[in-house]
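Down below is the structure, laid out as structure tokens.
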Amino acid sequence: MGWTRKDLLAMRDLDAGEILLLVDTAASLQEIATREIKKVPALRGKTVVNLFYEASTRTRTSFEIAGKWLSADVVNFSAGGSSVSKGESFIDTAKNIAAMSPDVVVVRHAASGAAALLARELPCSIVNAGDGTHEHPTQALLDLLTIRERKGHFEGLHVAIVGDIAHSRVARSNIHGMKKLGMTVTVAGPPTLIPPFVQELGVKVAYRLEDAIRDVDVIMMLRLQHERMAAGLIPSLREYARYWGLSLDRLARHARPDVLIMHPGPVNRGVELAPEVADGPYSVILDQVAKGVAVRMAVLLLLAGGKGGDGA
Amino acid sequence: MSSPARPSREKAQVLDEAALDRALTRIAHEILERNGGAADLAFVGLRTRGITLAHRLAAKIARIDGAALPVGTLDITLYRDDLAMRGTPVIRGTDIPFSIKGKTVVLVDDVLFTGRTIRAALDAIIDLGRPTAIQLACLIDRGHRELPIRPDYVGKNLPTSRRESVAVRLREHDGEDRVVIEEPEEA
């Protein structure tokens with residue numbers, strides 16, 4: 001099983017074998033985090049540019065750490081304080097960066113399809129670190145790695161994804177990945193935040209939190225983006241928290257005792273997740289973050305490690 | 001390292017099961033003799049067959065000396081100098097669950113050839129800590145070194161031509177214990 005793609009744009013593009021190659025590679029690379037000297041020379045002489053047009057803590061930092069642990073040179077670009085404020089267009093900025101011969105450009109942008117545009121226009125490898133409401137493949141991969149480590153397998157697991165499904169690139173990437181690995185997915189949320197086409201992705205839909213979390217192996221809570229309230233999609237944060245917030249009491253009454261609670265971050269404590277659930281024994285939220293570095297190492301290694309160069 | 005992608009045929013058998021076992025027994029004795037016993041020794045096997053050989057050497061030393069030596073496994077993929085030429089890197093992980101600081105590490109590989117794998121392994125080990133010494137044991141030394149590296153313990157020196165390959169077959173992986181020389185099938 002080889003890796004032949006120039007870019008990583010969407011879980012939808014990958015087949016089960018490619019997803020497993022990424023997850024397996026990431027699982028093996030986790031050991032580097034436990035070393036005294038957290039550095040291996042695999043990507044020595046390679047350049048990775050983080051091109052971030054949207055705010056990010058976890059994703060950008062973990063791509064940076066991943067690149068550095070593999071000995072790549074990592075350059076961070078953020079839209080604030082760059083020529084973007086002088087009116088340079090996205091594609092012009094990207095072409096200018098590509099002219100400096102990076103091996104991998106990691107891009108996050110508010111427009112769906114931004115990463116695919118760069119993949120078409122630029123000769124280097126492109127990693128989608130979140131494009132609009134489209135996909136966020138490395139988040140799905142780290143979620144999958146976390147699930148497999150806790151549950152031991154993928155086939156037959158049932159996952160509930162709860163919250164703003166319509167605007168969530170994390171949900172979309174996870175749904176594509178999980179379906180390909182033989183998992184069952186139920187999405188749940190207020191009807192205004194469930195997209196109309198969602199059944200076409202092969203998922204079940206629930207309109208009550210209690211129904212969604214019964215008998216599932218994993219509950220993935222999504223962040224409620226506050227701007228959705230302004231858009232009139234939910235009446236108030238308080239009402240959302242009352243109907244869709246995961247509390248300890250709801251968990252105890254409706255979910256299985258061995259359920260995993262996941263969240264892609266950042267958490268709105270007291271809205272979608274009660275603090276005692278976020279910090280509780282079911283929660284693997286910080287484990288997800290740690291896995292993020294391993295997954296991003298695997299992505300960078302497979303995109304930049306197996307090609308180019310003269311092999312010294 | 002030992003099996004080429006081209007179809008190949010067996011040219012000669014180099015070691016049979018008994019000879020392979022005798023070679024490992026001799027190496028185990030040499031390791032104990034050279035180091036004056038088993039104190040502070042540890043084995044690190046190189047994926048994949050080096051690991052199996054390291055476990056067999058550790059078992060022999062346990063039988064001779066009674067010492068239970070730790071055995072770690074090393075994946076040197078991330079340290080290869082030809083990573084870019086080999087297609088998809090397959091990472092299977094390093095697992096050395098003991099501190100190598102202050103230990104004499106005996107690195108174990110099945111076939112010693114150009115020396116580049118060992119060069120990568122030395123870098124990988126030194127990134128994990130500072131051992132007192134690193135020694136090298138290999139079942140077959142087939143020559144053609146490209147780097148100034150020599151083994152401390154050798155099962156058998158085997159002059160080969162570059163177009164041949166050496167296949168070490170072990171019970172745990174291949175269902176039999178023997179070493180053969182293979183050469184590419186003529187077109």
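The values are calculated or read from the model by the stated rules, or taken from the named source; none is laboratory data. In this text the structure is predicted, and so the values were computed from the model without any measurement. All Cβ positions, glycine included, derive from the backbone under ideal geometry; neighbour counts span all protein chains shown.
For region B:134-156, give me the residue count where each residue is buried (at least 18 other Cβ atoms within 10 Å of the Cβ) and farther than 23 Å from residue B:32 by Cβ.
Number of matching residues: 1.
Quick one: would you say residue B:169 is without any contact (Cβ under 8 Å) to a residue 40 or more places away in the chain, of a type in the set (Lys, Arg) and farther than 19 Å from residue B:53 by Cβ? Give the steps one after another, and end with the answer.
On the way: without any contact (Cβ under 8 Å) to a residue 40 or more places away in the chain: yes; of a type in the set (Lys, Arg): yes; farther than 19 Å from residue B:53 by Cβ: no.
It is false that residue B:169 is without any contact (Cβ under 8 Å) to a residue 40 or more places away in the chain, of a type in the set (Lys, Arg) and farther than 19 Å from residue B:53 by Cβ.
Can you find a residue in region B:94-106 that is at positive phi and either crowded, with 21+ Cβ neighbours inside 10 Å or in contact (Cβ under 8 Å) with a residue 24 or more places away in the chain (or both)?
Yes, region B:94-106 contains at least one residue that is at positive phi and either crowded, with 21+ Cβ neighbours inside 10 Å or in contact (Cβ under 8 Å) with a residue 24 or more places away in the chain (or both).
Residues in region A:225-243: is at least one over 23 Å from the mean Cα position of the chain (by Cα) and under 17 Å from residue A:265 (Cα atoms)?
Yes, that holds for at least one residue.
Please work out if residue B:9 is without any contact (Cβ under 8 Å) to a residue 12 or more places away in the chain and under 22 Å from residue B:140 (Cα atoms).
It is false that residue B:9 is without any contact (Cβ under 8 Å) to a residue 12 or more places away in the chain and under 22 Å from residue B:140 (Cα atoms).
Only one of A:218, A:203, A:162, A:187 is under 24 Å from residue A:269 (Cβ atoms) and without any contact (Cβ under 8 Å) to a residue 60 or more places away in the chain; which?
Of A:218, A:203, A:162, A:187, the one residue that is under 24 Å from residue A:269 (Cβ atoms) and without any contact (Cβ under 8 Å) to a residue 60 or more places away in the chain is A:187.
From the set of residues in region B:73-86 that are more than 7 Å from chain A (Cβ to nearest Cβ) and of a type in the set (A, V, I, L, M, F, W, C), which is surrounded by the most Cβ atoms within 10 Å (Cβ to Cβ)?
Once the filter is applied, the top-ranked residue is B:74.
How many residues does region B:87-101 contain that are facing chain A (nearest Cβ under 7 Å) and in contact with a Lys or Arg (Cβ under 7 Å, 6 or more places away or on another chain)?
Matching residues across region B:87-101 total 1.
Please tell me if residue A:168 is buried (at least 18 other Cβ atoms within 10 Å of the Cβ), polar (S, T, N, Q) and out of contact with any Gly (no Cβ under 6 Å at 6 or more places or on another chain).
Taking the combined requirement at face value, the residue satisfies it.
Just the residues that are more than 13 Å from every other protein chain (Cβ to nearest Cβ) and among the hydrophobic types (A, V, I, L, M, F, W, C), please, taken from region A:1-36.
A:8, A:9, A:10, A:11, A:14, A:16, A:19
Output the residues belonging to region A:37-68 that are crowded, with 23+ Cβ neighbours inside 10 Å, more than 17 Å from residue A:139 (Cα to Cα) and within 14 Å of chain B (Cβ to nearest Cβ).
If the condition is that a residue be crowded, with 23+ Cβ neighbours inside 10 Å, more than 17 Å from residue A:139 (Cα to Cα) and within 14 Å of chain B (Cβ to nearest Cβ), then A:40, A:42, A:43, A:46 are the ones that fit.
Scan region A:209-224 and tell me whether some residue there is over 23 Å from the mean Cα position of the chain (by Cα) and on the phi > 0 side of the Ramachandran plot.
Yes: region A:209-224 contains one or more residues that are over 23 Å from the mean Cα position of the chain (by Cα) and on the phi > 0 side of the Ramachandran plot.
What are the residues in region B:52-78 that are of a type in the set (Val, Ile, Thr) and touching a residue at least 24 places away in the same chain (Cβ under 8 Å), if any?
B:52, B:61, B:64, B:71, B:73, B:76 - these are the residues of region B:52-78 that are of a type in the set (Val, Ile, Thr) and touching a residue at least 24 places away in the same chain (Cβ under 8 Å).
Can residue A:223 be described as among the basic types (Lys, Arg) and surrounded by 18 or more Cβ atoms within 10 Å (Cβ to Cβ)?
yes
What helices (runs of 4 or more DSSP H) lie completely within region A:230-312 and have 3 or more residues being at pLDDT 95 or above and not assigned by TED's automatic domain parsing to the domain that holds residue A:168?
Passing ranges, in order: A:285-300.
All but one of (1) within 14 Å of chain A (Cβ to nearest Cβ); (2) in contact with a Pro (Cβ under 7 Å, 6 or more places away or on another chain); (3) farther than 23 Å from residue B:145 by Cβ; (4) of a type in the set (A, V, I, L, M, F, W, C) hold for residue B:42; state the number of the condition that does not hold.
(1)
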